[in-house]
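The values are calculated or read from the model by the stated rules, or taken from the named source; none is laboratory data. The model shown is predicted, which means the values in this text are computed figures rather than measured ones. Cβ coordinates were reconstructed from backbone atoms using ideal geometry, including for glycine residues, and neighbour counts include every protein chain displayed. Keep in mind that these areas ignore ligands, DNA and RNA; they rest on the heavy atoms of the full protein, side chains included. Shrake-Rupley method; radii C 1.70, N 1.55, O 1.52, S 1.80 Å.
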Number of protein chains: 2
Amino acid sequence: MTEKRRDIHNSEMPALCQACEARHHGMCGSLTPDELTQLNKIASRKEVSAGTALVADSEAVTHYSNILSGVVKLTKILSDGRQQIVGLQFAPDFLGRPFKTSSETNAESATTVRLCSFPRSAVDRMIEDSPSLEHRLLQQTLNELDEARGWMVTLGRKTAAEKVASFLYLIATHINPESDAVDGVSFELPLTRADIADFLGLTIETVSRQMTKLRKDGVVEIENNRHVTVPDLERLAHRASI
Amino acid sequence: MTEKRRDIHNSEMPALCQACEARHHGMCGSLTPDELTQLNKIASRKEVSAGTALVADSEAVTHYSNILSGVVKLTKILSDGRQQIVGLQFAPDFLGRPFKTSSETNAESATTVRLCSFPRSAVDRMIEDSPSLEHRLLQQTLNELDEARGWMVTLGRKTAAEKVASFLYLIATHINPESDAVDGVSFELPLTRADIADFLGLTIETVSRQMTKLRKDGVVEIENNRHVTVPDLERLAHRASI
DNA sequence: CGCTTCGTTGAAACACGTCAATAAGCGTGG
DNA sequence: CCACGCTTATTGACGTGTTTCAACGAAGCG
């Protein structure tokens, strides 16, 4: 894979992709300049506001997308309305479920999200022709599987306090892809209390109480409900039993 | 993929693989007879009893395996000993985590398990050479991801009663790969009450109480603690909120 | 036959959910 | 600019589902 990348001359790459690749390391990294140029012709970039349905339940999936910025939540609902967020996706994740036209999973923007979208058929064809693209896809899928299984421990075996700490830790370590700061991490929560509750399998009241407790214990600082500062990531991780 | 299969003449296939492929539809189906013959030379078949560690936490993974029969549980533990089963694997699933030598996930046989194992390096090489094998691997991984996310709803949003019903439904529909029987499904539970509790994020006492309730309500019949009969799968599914 | 493991059942404790009231943030319009 | 409604979040009192603790029964095994 690394060798493959090496012979990509930036000058041959579409300008839009250059800017994108410079910041992230998404799937397009495994495409040749030719493929990239080709894909770029049929790609469409768009920006959607928070709360937009990107993949509606059981609706035919017509597009795949790369997330350029923002956070997307993947949700499932039971027939009586109970909802569970089964995954969060950050830039530069690939959004879509190859080899299956319908999905039982909904995708919705949690924040303002910028996307680079492609018609499904074109990408499916490209996957067939490009083993390295499929390889990249397999790696992302394996990572998502690891993350999903890790979260299952949180859902099944952690207390409410540990769940909320786990969530904050997850965001603190994922929201800013490049930052490796150990101290003084600060960010805007991409999710409302209701979303956090759906992610953790709790009620909004319990989430609120545990957030208050973390704040009173000095583990986090919270301003305007959404802006969070974590003075000591290790301390937060400890609260999350990580 | 289907076309690829069509030109495999059974006469060219190693005898051991023939018997295996006849019953299941595992990964080896995407290999050519040549590759199969080659792989068969380095494959070792073995049978392990229930409770055998197959992949120990953070230990280097030296082998991949196909599950020929039995059930394997994938577990994760927190530092204080709390345990969560994050997946069950049935024949003919592939066991192992490609592209990563260490895993945070343990694999342990839940029942007697028959395996067909291969040295890691040989399979890794084969994956590089055979796009169709990688394709098959991607598909299993996507399926496992779907299953994991489906189970997250069970863990996060279902009551104890629904969780136990969901578990019984999962087993009833997975334990016997070929059976499509709607009525009178009968099977041996592959997991102890402790395992079931670890899978559902409950205690063994709660599992026991809910099993008793399902039995008293006539949703399932239970003999000798392990043998379960489900007279009406739809009724069980309803209890599971599926 | 005793020993251990596995499963069931009951009573009490508690973590989290439910219900309800209040406050804070935010856009809209008079 | 303030009034108004709406959504989002906090906090309290109370109820309940699940856990905890404990005792007991059943099954497997030397």
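Each row is one residue, and each column tells you yes or no for (1) in a helix (DSSP H, G or I); (2) within 16 Å of DNA strand D (Cβ to nearest atom).
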residue	(1), (2)
A:ASP34	yes, no
A:LEU39	yes, no
A:ALA50	no, yes
A:ASN66	no, no
A:VAL72	no, no
A:SER79	no, no
A:ILE85	no, yes
Could you grab the pairs with beta carbons closer than 6 Å, sequence gap of 6+ or different chains, first residue in the stretch A:133-159 and under 12 Å from B:ARG82 (Cα atoms), second one away from DNA strand D (no atom under 16 Å from the Cβ) and part of a helix (DSSP H, G or I)? A:THR154/A:SER166
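Matching residues to (1) away from every other protein chain (no Cβ under 12 Å); (2) modelled with pLDDT of 95 or more; (3) under 30 Å from A:ILE204 (Cβ atoms):
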| residue | (1), (2), (3) |
| --- | --- |
| B:LEU142 | no, no, no |
| B:TRP151 | no, yes, yes |
| B:LYS163 | no, yes, yes |
| B:GLU178 | yes, no, no |
Within the stretch A:211-223, restricting to residues that are touching a helix residue (DSSP H, G or I) at 6+ places or on another chain (Cβ under 8 Å) and near DNA strand D (Cβ under 9 Å from one of its atoms), the one that is least open to solvent (accessible area, probe 1.4 Å) is A:MET211
Condition check for A:LEU189: open to solvent by less than 30 Å² (accessible area, probe 1.4 Å), within 16 Å of DNA strand C (Cβ to nearest atom) and not assigned by TED's automatic domain parsing to the domain that holds A:ALA110: yes
Mind checking whether some residue in the stretch B:231-239 is within 15 Å of DNA strand D (Cβ to nearest atom), among the aliphatic types (A, V, I, L, M) and either under 24 Å from B:LYS73 (Cα atoms) or open to solvent by 60 Å² or more (accessible area, probe 1.4 Å) (or both)? no
Starting from residues that are more than 9 Å from every other protein chain (Cβ to nearest Cβ) and hydroxyl-bearing (Ser, Thr, Tyr), keep the ones in the stretch A:63-84 and report whichever is surrounded by the fewest Cβ atoms within 10 Å (Cβ to Cβ). A:SER69
Restricting attention to the stretch B:127-134, does a residue exist that is touching a Cys at 6+ places or on another chain (Cβ under 8 Å) and either on the phi < 0 side of the Ramachandran plot or not assigned by TED's automatic domain parsing to the domain that holds B:ASP198 (or both)? no
Subset of the stretch A:197-208 [loosely packed, with under 15 Cβ neighbours inside 10 Å and within 8 Å of DNA strand D (Cβ to nearest atom)]: A:ILE204, A:GLU205
Which listed residue is aliphatic (A, V, I, L, M), within 11 Å of DNA strand C (Cβ to nearest atom) and within 26 Å of A:LYS76 (Cα to Cα), from A:LEU145, A:LEU202: A:LEU202
